[in-house]
Amino acid sequence: MTKNKMLLSWIEEMAALTTPDEIVWITGDSEQLDQLRQQAIATGELYKLNEEKLPDCYLHRTAVNDVARVEHRTFICSRREIDAGPTNNWMAPKEAYEKLGKIFNKSMKGRTMYVIPYSMGPVGSKFSKIGIELTDSIYVVMNMVIMTRVGNDVLDALGNSNDFVRGLHGKADIDEENRYICHFPEDNTIWSVNSGYGGNVLLGKKCFALRIASYQGKNENWMAEHMLILGVEYPNGETKYIAAAFPSACGKTNLAMLIPPEIFAKKGYKVWTVGDDIAWIRKGPDGRLWAINPENGFFGVAPGTNIKSNPNALHATEKGTIFTNVVHNLENNTVWWEGLDKNPPTKALNWKGEPWTAESGEKGAHPNSRFTAPATNCPSISKEFDSPNGVPLSAMVFGGRRAKTAPLVYQSLDWVNGVFVGSIMASETTAAASGAVGVVRRDPMAMLPFCGYNMGDYFQHWLNIGKDVGDKVPKIFHVNWFRLDDEGHFLWPGFGENLRVLLWILDRCEDKVGAVETPIGYLPKPEDINLEGIDVTEETLKELLSVDKELWLEDTVRIEDFYNKIGNTVPKELRNELTKLKKKLS
Ligand code: GTP
Ligand code: SPV
Ligand code: MN
């Protein structure tokens, strides 16, 4: 185990507060995990699926009031309110500790507290950081074991250091009214109570790897971003890496696991997955920006995942996977979700555990139902996945779900303009968070719900990184796979075909292709997007690449409102970019 005094005394203090009957350290040993799984099966917390068809796979259902992240109950508890900033909910640390302390008080009576030592990033890499999560949920243990690197070697790597993130999670009564996800960036601490769902409780993920880590990155000169990382391998064997930030449920997992369309596959193009959700980025010895994926698994959206849309994701879920809130197919004890295939089971339970058939007209799987799959299961996993040095980035891409306004792709003019492009991102809300779906909101760098400090200071940090890295910075782009025609159909086929856009992006990074300069940035000449083998007419492509100045001018008003809401922490350089954009548009 460990002799780390700071760690032991913190656990003692948390145990005194929550009074579990027992404390169990998760060692990473497979016998221990097997035993815990058996226990969870006995209580119904996990359901064992068909061992032949889905070996070592389990189904879990959350409470019906607990199916997504709860942004309105998520708080940044910095000492000063201005350091959380107007885009975050804020609570004073003292108030938060008191309020949650009352809820946690004796909340683990009759339960076991599990101690999960985990590393975000390969154990021992200079990118990596250690966290300890205390939880009373076996489901959380099993997910953390897939999503992060867990066990005794993490404690060895920690040694006697105090540099670890202290995470306390308790299911309590899964009471919505008393659900709180609180972050204390200045204390390296996270307290989460009254939820059992994904991003609220797998504390290594959004809570640590984005909210706490973004704050650490600002102080330590690195970046924690809501980005996938992929490598495009060219027929000559060379691989170039791209990181891309899209809001929740806007296509990161799908892009990260892209399968090249046949005409590209035949020529020898390949795409490799490094990460599908989070990137930690820092300057490497060669002066470029390098990125790792701090996670060890995929917590992916199930609905819509099928053998055509994302075979790599589907294959990743064929063993050792936990399914949450999907349909239980009782015909063969497997799982199903909308968009898996056209044969919904006739004997099945929906995500709530009720008898269900597709004829009911109701969805069987929750729209935010998920799979938790080990990264190593993924057929397209990059050989650099475990590399302690990460991969060098050629391009950074921002993108959202926009029915109009944003074209298929454009390139920013330079780093500062690229940071501006990220800062003005907007996207329609999705089922990944509770609340209305399909409402356009500003979501800078896809970090609105995940930035652990003042958004204006975060923009400044981006500018600072650019100054530090100089002309070796990646080029910055914006994409939109979700543009609609007047009848509401997607104009762009998306998924694997997105490679056509990535290739233009990478060509631009090496000045191999020209562009058209528009008020918003550089757009492709239509002839430079390869349309061979797809059903997209030149006319449609022109529409995809059109910039409607009226719509953009309207948007600048909303951008200005958003900047004003953030207030005077918005860097002057970005205000200047907005002024320049307005001038060019009018
Ligand atoms: P989080 O795990 O919440 O961060 O989501 P994500 O960004 O990884 O999104 P994901 O790849 O799971 O995609 C979410 C939804 O977008 C799914 O319903 C996909 O089918 C859909 N989607 C993904 N890529 C495309 C695309 O290129 N075009 C279209 N039209 N839909 C897409
Ligand atoms: C997201 O919502 O961006 C996710 C899922 O990746 S969760 O872990 O719930 O945050
Ligand atoms: Mn995500």
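Could you tell me whether Gly300 is within 14 Å of ligand 1 (Cβ to nearest atom) and open to solvent by 20 Å² or more (accessible area, probe 1.4 Å)?
Numbers: within 14 Å of ligand 1 (Cβ to nearest atom): yes; open to solvent by 20 Å² or more (accessible area, probe 1.4 Å): no.
In short, no.
Given the options Glu220, Glu233, name the one that is closer than 25 Å to Glu318 by Cβ and open to solvent by 10 Å² or more (accessible area, probe 1.4 Å). Result of the check over Glu220, Glu233: Glu233.
Scanning region 122-160 for residues that are open to solvent by less than 10 Å² (accessible area, probe 1.4 Å), part of a strand (DSSP E or B) and either of a type outside the set (D, E, K, R) or closer than 24 Å to Asn389 by Cβ (or both) turns up Gly131, Ile132, Leu134, Thr135. Of all residue pairs spaced 6 or more apart or on separate chains, none has beta-carbon atoms under 6 Å together with a first member in region 294-310 that is on the phi > 0 side of the Ramachandran plot and a second member that is in a strand (DSSP E or B). Annotation: of all residues in region 159-181 being within 16 Å of ligand 2 (Cβ to nearest atom) and closer than 27 Å to Ser128 by Cβ, the one that is nearest to the chain's Cα centre (by Cα) is Ile181.
This table checks each residue for (1) within 16 Å of ligand 3 (Cβ to nearest atom); (2) in a loop (DSSP other than H, G, I, E, B).
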{"residue": "Glu186", "(1), (2)": "no, no"}
{"residue": "Ile190", "(1), (2)": "no, no"}
{"residue": "Gly196", "(1), (2)": "no, yes"}
{"residue": "Asn200", "(1), (2)": "yes, no"}
{"residue": "Cys207", "(1), (2)": "yes, no"}
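Once region 20-79 is narrowed to residues that are under 22 Å from Ala348 (Cβ atoms) and among the hydroxyl-bearing types (Ser, Thr, Tyr), the residue that is farthest from ligand 2 (Cβ to nearest atom) is Tyr47.
Give, as residue ranges, the strands (runs of 3 or more DSSP E) completely inside region 321-377 that count at least 3 residues that are closer than 19 Å to Gly198 by Cβ. I'd like the intermediate steps shown before the answer.
On the way: elements: 322-324, 327-329, 334-336, 370-374.
It comes to 322-324, 370-374.
Of the residues examined, Gly251 is not one that is closer than 30 Å to Asn65 by Cα, modelled with pLDDT of 95 or more and in the same structural domain as Ser125 (by TED's automatic domain parsing). Quick check: anything in region 274-293 more than 16 Å from the chain's Cα centre (by Cα), within 12 Å of ligand 1 (Cβ to nearest atom), surrounded by fewer than 19 Cβ atoms within 10 Å (Cβ to Cβ) and not assigned by TED's automatic domain parsing to the domain that holds Val154? Scanning region 274-293, I find no residue that is more than 16 Å from the chain's Cα centre (by Cα), within 12 Å of ligand 1 (Cβ to nearest atom), surrounded by fewer than 19 Cβ atoms within 10 Å (Cβ to Cβ) and not assigned by TED's automatic domain parsing to the domain that holds Val154, so the answer is no. In this structure, Ala213 does not satisfy being part of a strand (DSSP E or B) and either in contact with an Asp or Glu (Cβ under 8 Å, 6 or more places away or on another chain) or on the phi < 0 side of the Ramachandran plot (or both).
Could you tell me which residue of region 537-560 is surrounded by the most Cβ atoms within 10 Å (Cβ to Cβ), considering only residues that are of a type in the set (Val, Ile, Thr) and more than 30 Å from the chain's Cα centre (by Cα)? Talk me through it step by step, then tell me what you get.
Residues of region 537-560 that are of a type in the set (Val, Ile, Thr), as a first pass: 537, 540, 547, 556-557, 559.
Filter once more, keeping what is more than 30 Å from the chain's Cα centre (by Cα): 537, 540.
Values: Thr537: 10, Thr540: 17.
Per the criteria, the residue is Thr540.
Restricting region 365-393 to residues that are in contact with a helix residue (DSSP H, G or I) (Cβ under 7 Å, 6 or more places away or on another chain) and of a type outside the set (Ser, Thr, Tyr), the residue that is most open to solvent (accessible area, probe 1.4 Å) is Pro379.
Take Ile242 and tell me if it is closer than 30 Å to Leu506 by Cβ and either within 15 Å of ligand 1 (Cβ to nearest atom) or assigned by TED's automatic domain parsing to the domain that holds Leu100 (or both). Yes.
Any residue in region 373-392 that is over 30 Å from His328 (Cα atoms), in contact with a strand residue (DSSP E or B) (Cβ under 8 Å, 6 or more places away or on another chain) and within 16 Å of ligand 1 (Cβ to nearest atom)? Taking every residue of region 373-392 in turn, none turns out to be over 30 Å from His328 (Cα atoms), in contact with a strand residue (DSSP E or B) (Cβ under 8 Å, 6 or more places away or on another chain) and within 16 Å of ligand 1 (Cβ to nearest atom).
Looking at Leu100, Leu17, Leu33, can you tell me which residue is touching a residue at least 60 places away in the same chain (Cβ under 8 Å), open to solvent by 30 Å² or more (accessible area, probe 1.4 Å) and among the aliphatic types (A, V, I, L, M)? Residue meeting the stated conditions: Leu17.
Which ones in region 291-317 are aliphatic (A, V, I, L, M), more than 15 Å from ligand 3 (Cβ to nearest atom) and in a loop (DSSP other than H, G, I, E, B)? Outline the logic, then answer.
Initial filter on region 291-317 (aliphatic (A, V, I, L, M)): 291-292, 301-302, 307, 313-314, 316.
Still in the list and also more than 15 Å from ligand 3 (Cβ to nearest atom): 291-292, 307, 314, 316.
Within region 291-317, Ile307 is the sole residue that qualifies.
Considering (1) within 16 Å of ligand 2 (Cβ to nearest atom); (2) over 13 Å from the mean Cα position of the chain (by Cα); (3) not charged (D, E, K, R), the lone condition that Ile242 does not fulfil carries the number (1). Of all residues in region 394-428, those satisfying the criterion of being in a loop (DSSP other than H, G, I, E, B) and open to solvent by 10 Å² or more (accessible area, probe 1.4 Å) are Arg401, Arg402, Ala403, Lys404, Thr405, Leu413, Asp414, Ile424.
Could you please give the count of residues in region 441-500 that are more than 16 Å from ligand 1 (Cβ to nearest atom), within 30 Å of Asn188 (Cβ to Cβ) and open to solvent by 20 Å² or more (accessible area, probe 1.4 Å)? The number of residues fulfilling the criteria is 7.
The values are calculated or read from the model by the stated rules, or taken from the named source; none is laboratory data. This is a predicted model, so every value here is computed, not measured. A quick note on method: Cβ atoms are made from the backbone with ideal geometry, for glycine too, and the neighbour counts reach across all protein chains shown. With ligands, DNA and RNA removed, areas are computed over all heavy atoms of the protein, side chains included. Shrake-Rupley method; radii C 1.70, N 1.55, O 1.52, S 1.80 Å.
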